[in-house]
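Right, one structure below, let's go through it.
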Amino acid sequence: MTFAEDLKSTVLEMQKEGKIPESLPIPRFRAAIIRNDQVEWLEWMTGMYDSSGSDDTFAGIPGYGIVDVEFDEATLGPNGWYKTNVQDGKVIGLTVYYDTPNPEETGYFKAMYRVHWMGDNPAWGKYEYDDEDDGAGNDVDQIDMIELTLSPE
C-alpha cells in the first residue's frame with residue numbers, strides 16, 4: 001500500500017482526530033501547466049487534499065508537464081521555503097523545506113513529498129523529506145504530478 005492510499009496517516013487526518021493542534025499549518029501549493037497554448041494554474045492543494053473537491057492526492061494532471069509551482073509560503077512555517085529546478089521552461093525537480101512553527105506544542109514535522117516524471121521511463125520517485133537528498137525529481141525529465149504532506153520527525 002502506498003502512502004497516498006493510506007490517507008488515514010496524513011496530518012489532516014491526525015488533526016481531525018485531535019492528535020495535533022489545528023494551528024499546525026499544512027503546506028498549500030498549486031502547479032501550472034500549459035494547456036491550449038496557455039499557462040493554466042490548477043486548483044490549490046492543501047497537503048494531499050485538492051481544494052476543487054476531487055479525490056486527487058496530487059497537484060498536476062497526468063501527461064501535462066508542470067511549468068511552475070507556487071506555495072502559500074506562510075503555510076511552510078516561519079523559515080520554510082521551496083525551490084523549483086526549471087530547465088527550458090519545464091519543472092524537472094522540486095525541493096520543499098518545512099519549518100514547524102511551534103514544535104513544543106506540536107512536535108517537529110518535515111515536508112514529505114514526491115514527484116512523478118514523464119519522459120522515456122515515467123515513474124513516481126521516492127519520498128523525500130525536507131531538503132534531504134536535494135529534493136525530488138530526476139533532474140532530467142519534466143514532472144507532471146506532485147504529492148506532498150507532512151511527516152512527524
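Right, Asp141: part of a loop (DSSP other than H, G, I, E, B) and either out of contact with any Asp or Glu (no Cβ under 8 Å at 6 or more places or on another chain) or crowded, with 20+ Cβ neighbours inside 10 Å (or both) or not? Working first, answer last.
Working: part of a loop (DSSP other than H, G, I, E, B): yes; either out of contact with any Asp or Glu (no Cβ under 8 Å at 6 or more places or on another chain) or crowded, with 20+ Cβ neighbours inside 10 Å (or both): yes.
In short, yes.
Return a yes/no flag: does segment 75-86 have any residue that is in contact with a Leu (Cβ under 6 Å, 6 or more places away or on another chain), crowded, with 19+ Cβ neighbours inside 10 Å, outside any strand (DSSP E or B) and in contact (Cβ under 8 Å) with a residue 40 or more places away in the chain.
No, that holds for no residue.
Being of a type outside the set (A, V, I, L, M, F, W, C), farther than 24 Å from Glu132 by Cβ and either at pLDDT below 95 or in contact with a strand residue (DSSP E or B) (Cβ under 8 Å, 6 or more places away or on another chain) (or both) is true for just one of Asp37, Asp88, Asp72. Which residue is that?
Just a single option satisfies the conditions, and that option is Asp37.
Pairs under 9 Å by beta carbon, first residue over 18 Å from Ala31 (Cα atoms) in segment 127-146, partner assigned to a helix (DSSP H, G or I), six or more apart or different chains?
So the pair list comes out as Glu128/Asp134.
Tell me, yes or no, whether segment 106-121 has at least one residue that is farther than 19 Å from Pro27 by Cα and either among the basic types (Lys, Arg) or under 12 Å from the mean Cα position of the chain (by Cα) (or both).
No: segment 106-121 contains no residue that is farther than 19 Å from Pro27 by Cα and either among the basic types (Lys, Arg) or under 12 Å from the mean Cα position of the chain (by Cα) (or both).
Could we say that Tyr98 is under 12 Å from the mean Cα position of the chain (by Cα) and either modelled with pLDDT of 95 or more or acidic (Asp, Glu) (or both) here?
yes
Could you tell me which residue of segment 87-110 is nearest to Ala32 (Cα to Cα), considering only residues that are assigned to a strand (DSSP E or B) and aromatic (Phe, Trp, Tyr)?
Checking each candidate, the answer is Tyr97.
The values are calculated or read from the model by the stated rules, or taken from the named source; none is laboratory data. Nothing here was measured: the structure is a model prediction, and the numbers come from that model. We place every Cβ from the backbone using ideal geometry, glycine too, and count neighbours over all the protein chains shown.
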